[in-house]
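See structure below.
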Amino acid sequence: MSSSTIVSLPDQSTARIPKVNFITKENGLLSWLLTGDHKRIAMLYLASITFFFAIGGALAGLIRLELLTPQSDLMATDTYNKVFTMHGVVMIFLFLVPSVPATLGNFLIPLMIGAKDLALPKINLLSWYLYVAGGILVLYTMAAGGVDTGWTFTTPLSTHYLNTNVLSTGIAIFIAGFSSIFTGLNFIVTIHKMRAPGMTWFRLPLFVWSHYAASILMVLGTPVLAIALVLVILERTMGIGVFDAAKGGDPILFQHLFWFYSHPAVYIMILPGMGVISEVISTFSRKRVFGYTAVAFSSVAIAVFGFFVWEHHMFIMGVSSYSTLVFSLLTMLVAVPSAIKIFNWSFTLYKGSITFETPMLYAFGFMGLFTIGGLTGVFLGTTGTDIHLTETYFIVAHFHFVMVGGMLMAFLSGIHFWWPKMTGRMYPEKISQLAALITFIGFNFTFFPQFILGTLGMPRRYAAYPAEFQVLNVFSTAGATILGVGYLLPILYLTWSLRYGEIAGSNPWQATGLEWQIQSPPLTENFPEIPIVDHDAYDYDWLERKHEREREVTSV
Amino acid sequence: MSDSTVAVSGAQAEGAHSGHHEHPPYQRHHFETIEQQMDATSFAMWLFLLTEIMFFGGLFTAYLIYRNWYYPAFVAGSHQLNIFWGTANTAVLITSSFTMAMGVWCAQTRRKGGLVLSLCLTLLLGLVFLGIKSIEYSEKIEKHHVPGFHYSLRSFTDPASDPEIYDQYHDKPLALDMARHTEMYFGLYFAMTGMHALHMIIGCAILGYLIFRAQAGDYTTGHVTFVENFGLYWHFVDIIWIFLFPLLYLISRHG
Amino acid sequence: MSAPHEHQHQHTKDNDDATHDDHLHIVPPRTYIIVGTILLIFTALTVWASYLELGVFNPVIALFIACVKATVVVLFFMHVKYSSKLTKLTVGAGVFTFLTLIAMTLADYFTRAWGRW
C-alpha cells in the first residue's frame, strides 16, 4: 500500500522545464525588486519569511537551551526576557501571519480563480516592501539590545517600566501590520472581482475560501492593533495617559485593543493553513472534500466568531466577571466551525484512495496536532480552568500545538504540495517523508511535555524553574533539537531540488485545481487565454474526461 | 454540467493578448475590461476605508470609556475648546466635501476647468481647516493644556483664573482628583484631532498631485477612478470630523 | 436628470467610454447642493442643541445628528445609495465591526463593578 502513489511525472529523458516562464521572463535583480507579478512577489516573500523563520527558530533554540537546567545559567534573566520576546515578535508578525497567505496565497489565488494577477499588483509589491521595512526595524531592535515586553507589549510594563526598544518594535509591527492589511485587501478584491467566467463562489477551491475569510480578519482587525501601538508610542513619548493608571487611564484597555486584533490574528494564521489542508486531503484521497459548503462557510464563521472572543485572553486580568461569562460561551462556540472542518476532512478520507506523499503526511500531522491544540483551547476558554492554566506552560503548549503543530505543518504541507508548480521540479520524496516524520516526532517531544509542566504549575516567561520540573524540560529541549533537524532538512533538500529535482510536468499530483492545468512554472500572466470554468472544485471525473480527450487528440 | 474544455494548456503562446477590443490607455493589462478595473479599485478603496474605520474605532472606544468615568473633567475640558472655531471648521470641512463631490461630477462629465477649480477650492478649504486647527492648538499650548508637557490644572481647580472661559460657563472648581483627569481629555483630544489632522495633511498632499494631473487633462478623458477614490477618502475624513466635533466640543455647552 | 453626456452610449457593452450608465451613476450637482445645505443646517442644529439643558438626551441628540450627517455623506457624497450591493455590504461590515469593538469592550467596563458593592 505504501508503494502506491498518484505521482505521475513526465518522461525524465525528454522532459524540460518550459523555456518561457515567470522566472526566466526577465533577468536581473531589478526585475525582481520592481516586479508586479504575484508569483515573483510570492517568491520574494518566501525567501524573506524563511530568513525570519531561521532567526525566530534560532531564538527558540536559545530559549530551550536555557531551560535545559533549572538555573538561569546560559544567559542573564533579562536577556532571556529579550530572547523570548524577540522569538514571539519575529515568529508571529514576521513569519506566521504572512507565511501561507503572502507566499502560497499570493502565488496561487490568481491561478486558482483564473486571473492574470492580483487586482492590485503595485499594492502587492508595496506590501512586500512594508514587510521588509518592518523586518529591518525588528533586526535593528535586536541589534540595539532587544525589547523585553513579551510579544504582547503588555501595559504598563511596555509604557512605564521598561527602558528597552519598545518604540522601534512598535513602529516595526505597525509597518508590518500595514503589509498584512494590503495583502488581505488585495485578496478580497481579487476574489470578488477577478474570477474567471464560470468560476462561481461555490466552485472556488476551499483554499480560496479560507484565504477570503482570513483576509477579512486582516482588513478589519489589524488597524486596531495599529491604533493600540500608536497609543503605546504616544504614551511613552508624550504621556497622554490613556494606559496610565496614575493619570486615571486603564492599562487593561490596551489589552482589549491588542487582543481585538491578536485573537483574530490567530485565525489569520490558521485559516490559510486550513485551506492548504483541504486541497491536500482532497488530492491525496481522490475525493471531493466532504461537505464542501460546510467547510467553506465554517471558514467565514471562524472569521466572524473570531471577533467576539478576544477577552478570553484577559480572564485573569481583572475584567468584569459578567462579560467573562459571555466571552467564555462565545469561545466555546468558535470551536464548532473548527470541529466542522476536522470532521469533514476525516469524512473525506473515509473510503478515499489515500496515498501517503509528503504533503499528505504533513496534513495528517496537522489534523492530529491541531485537534489537540484546539481542544486544549477549550480548557483555556473555560473560566475556571483558565485561572489555573493560563500563564503556565500549558498555554505555551496550547498555542504551539495550534501554531507550530497546525500552521507550520500546513505551511510545509503546502510548500511541498505546490513546490512542483512554483519551481517546475519535484523535491526528493523519500527524504522529505523522513523530514515530515522527524518533524512530527520532534514536535511532540518538544511540546507535549509542556502540557504536563503547565498542569503541574510551571509558569511561562521565566529563565529559572524549580528542579522537579527538569526531567520534562530536558525532554522538551531534546525534542526541540529533533524538531530543528526536521526544519533544516526541507530547507536543504528544497534548495537542492531547485537544480537537481526531477522535472515535475504540469500536474504531478493529478489534482483538479486550475493551477495544475497550466505549465509549471507558470507564465508571467498565468493563462495564455482566460479559462472558462464549467466544473466544480475537486471534480476528479472531470479531470479523467479531460485526460481522455487529450489522449484522443494525440491518437488522432 | 457540460463537458466543454477549460481552455488552458501548456501552450507557450505568451502575450497572445486576447484583445477583443481596443483598451483605453489607462487600463492595466491584467484586467479584462475597464469596468472590472474600476470596480476593483473602487472596492479596494472601500476596504481601505474599513481599515480606517477600525483604526479610529480604537480611539473612539478609549474616548467613550473615559468620558463615562470622568464626565465632569471632560465637560470642563470641552469648555476650553473654542466653539466658534470648532463650528467654523465643521462648516469648512463640509463645504470642502461639497466641492470635492462637485470635482468628481466634473471629472465624470469631462469638465476640465470645473474639475481643476473644484479641486483647488477643496485644497484651499482643507488648508483653511488646518490653519484653524493650528490656531486652536496654539491656544492649548499657551495655556499648558498639552498633556505631558508641563500640564497645568489651573483652569480647572480655579476656573475664575481663566476669565474668558469662566464668564461663559461659570464652571465650578473641580476637586484636584477630578481636575487631573482633564489631562486625559486633552490627551484624547490631541490624539483624535491629531490623527484626523494627519489624514487631512495626507489628503492635501494628494490633492496637490491631483490638481497637477487634472491640469494636464488626465482625469477628463474617462479615467475618473482616481478622483472618485480620492473623493471617498476625503468624505471619510469629513465623517470622522462629523463625529469628533460633537464628541469633543459639544459635550455640555449649557451653563 | 443629469448631464447630457452619459445617455449617449448607454448600455452598449464593451464601449470604451467611462460613462456606463449601469455601472457609474452620475449624481447631479443639485443633489450635492441639497446635501451640502442639509449638512450645514444640521451642524447649526447640533451646536444649538448642545446649549439646551436636556440631561442624558444631550449626547443622544448630538450623536443622532452626527449619525444622520454621516449617513447623508455616505449615501450621497460617497454614492453608496447608487452603488452595488457589495459596496453597501462593505459599509455595513465596517459599521458592524466598529460597533462590535465598542460595544463588547464597553460591556466589560460597564459590568466590572457589578456585585462588588
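By the rule of a C-alpha distance below 25 Å, with chain neighbours fewer than 8 residues away ignored, the lysines paired with residue A:351 are A:287, A:341, A:546. Past the 17 angstrom mark, what percentage of all C-alpha to C-alpha distances in region A:311-392 do you count? Here the long-distance tail beyond 17 Å is 56 percent of all Cα pairs in region A:311-392. Counted by neighbouring Cβ atoms within 10 Å, the residues A:194, B:178 run from fewest to most as B:178, A:194.
Do you know the relative contact order of chain B, to the nearest whole percent, from alpha carbon pairs under 8 angstrom that are 6+ apart?
For chain B, the relative contact order is 30 percent.
The calculated FRET efficiency for residue A:74 paired with residue A:160, based on their beta-carbon distance and R0 = 22 Å, is about 0.15. Residues within the reach of a label modelled at residue A:540 (point 7 angstrom out along Cα to beta-carbon, backbone nitrogen below 11 Å), restricted to region A:341-383, are A:349-355. Against chain A, whose longest principal axis is taken from its Cα atoms, helix A:292-305 shows a tilt of about 20°.
Legend: ranking of residues B:204, C:67, B:106 from fewest to most surrounding C-beta atoms inside 10 Å; resulting order C:67, B:204, B:106. Note on residue A:245 and residue B:29: the model spin-label points, each 7 Å out from Cα along the C-beta direction, lie 6.2 nm apart. Specify the inter-centroid distance of region B:77-135 and region A:408-480, based on alpha-carbon positions, in whole Å. Cα centres, region B:77-135 to region A:408-480: 58 Å.
Need one number: the % of Cα-Cα pairs in region A:76-180 sitting beyond the 17 Å mark.
Values: 3026 of 5460 pairs.
When every Cα pair of region A:76-180 is considered, 55 percent fall beyond 17 Å.
For region A:147-164, backbone phi angles converted through the Karplus equation (6.51, -1.76, 1.60; θ = phi - 60°) give residue-by-residue couplings of 9, 10, 8, x, 5, 8, 6, 3, 7, x, 4, 6, 9, 10, 9, 10, 10, 9 Hz, Gly and Pro being listed as x. For region A:417-479, the alpha-carbon coordinates run over 52, 20, 18 Å along the three principal axes, in decreasing order.
Can you tell me what the convex hull of the Cα atoms of region B:38-106 projects to on average, as an area in nm²? Numbers along the way, then the final one.
Details: hull surface 26.0 nm².
Over all viewing directions, region B:38-106 projects a mean Cα-hull area of 6.5 nm².
Loop-resident chymotrypsin sites (Phe, Trp or Tyr not before Pro) (DSSP state other than H, G, I, E or B) in region C:58-88 with no more than 14 further Cβ atoms inside 10 Å of their Cβ are absent.
Shown here is the pair-distance distribution of chain A: with all Cα-Cα distances grouped in 20 Å bins from zero up to the longest one, the shares run 21, 57, 20, 2, 0 percent. When both region A:246-305 and region C:35-73 are represented by their alpha-carbon centers, they are found 40 Å apart. Given R₀ = 35 Å, what would the calculated FRET efficiency be for residue A:429 paired with residue C:84, taking r from the Cβ atoms and rounding to 0.05? That pair, residue A:429 with residue C:84, gives E of 0.15.
Say the cut-off is 29 Å between C-alpha atoms; which of B:140/B:172; A:116/C:88; A:193/C:81; A:82/A:421; A:116/A:430 go over it? Each step should come with its number before you reach the end.
Values: B:140/B:172 20 Å; A:116/C:88 27 Å; A:193/C:81 20 Å; A:82/A:421 40 Å; A:116/A:430 35 Å.
Too far apart for the 29 Å limit: A:82/A:421; A:116/A:430.
Note that region A:1-47 shows a convex hull volume over its alpha carbon atoms of 140 Å³ per residue.
Using all pairs of distinct alpha-carbon atoms, the Kirkwood hydrodynamic radius of region A:461-556 works out to 18.5 angstrom. Spatial offset of region B:224-255 relative to region A:29-89 amounts to 42 Å, using the alpha carbon center of each.
Where in region A:167-186 is the amide nitrogen less than 12 Å from a point lying 7 Å along the Cα-to-Cβ axis of residue A:238? The answer is none, because no backbone nitrogen lies closer than 12 Å to the label point.
For residue A:122, the aspartates and glutamates whose Cα falls under 14 Å of its own Cα, not counting residues fewer than eight places away in the same chain, are A:37.
Can you sort A:183, B:51, A:439, A:385 from fewest to most other Cβ atoms within 10 Å of each residue's own Cβ? List each step's numbers first, then the result.
Working: A:183 31, B:51 23, A:439 26, A:385 14.
Listed from fewest to most nearby Cβ atoms, that is A:385, B:51, A:439, A:183.
Expressed as a whole percent, how much of the Cα-Cα distance distribution for region A:123-165 exceeds 17 Å?
Working: 418 of 903 pairs.
Of all Cα-Cα distances in region A:123-165, 46 percent exceed 17 Å.
With all pairs of separate Cα atoms included, chain B yields a Kirkwood hydrodynamic radius of 21.4 Å.
Computed with the Debye formula from one identical point scatterer per Cα of the protein assembly as shown, without solvent, the log10 of I(q)/I(0) at q = 0.07, 0.10 Å⁻¹ comes to -0.62, -1.21. The Rg/Rh ratio of region B:152-255, with both radii computed over alpha carbons and Rh defined as the Kirkwood radius, is 1.23.
Using 1/(1 + (r/R0)^6) with R0 = 41 angstrom and r between the beta carbons of residue A:499 and residue A:133, what's the FRET efficiency to the nearest 0.05?
Values: r = 32 Å, r/R0 = 0.78.
Efficiency, from the Cβ-Cβ distance: 0.80.
Spin-label pair residue A:26-residue A:200: with each label point 7 Å from Cα along the Cα-Cβ axis, the two points sit 3.9 nm from one another.
The numbers here are math on the coordinates, done by the rules we state, and not lab data. This one's a predicted model, so the numbers in the text were calculated from it and none came from an experiment. Here the Cβ is made from the backbone with ideal geometry for all residues, glycine too, and neighbour counts use every protein chain on show.
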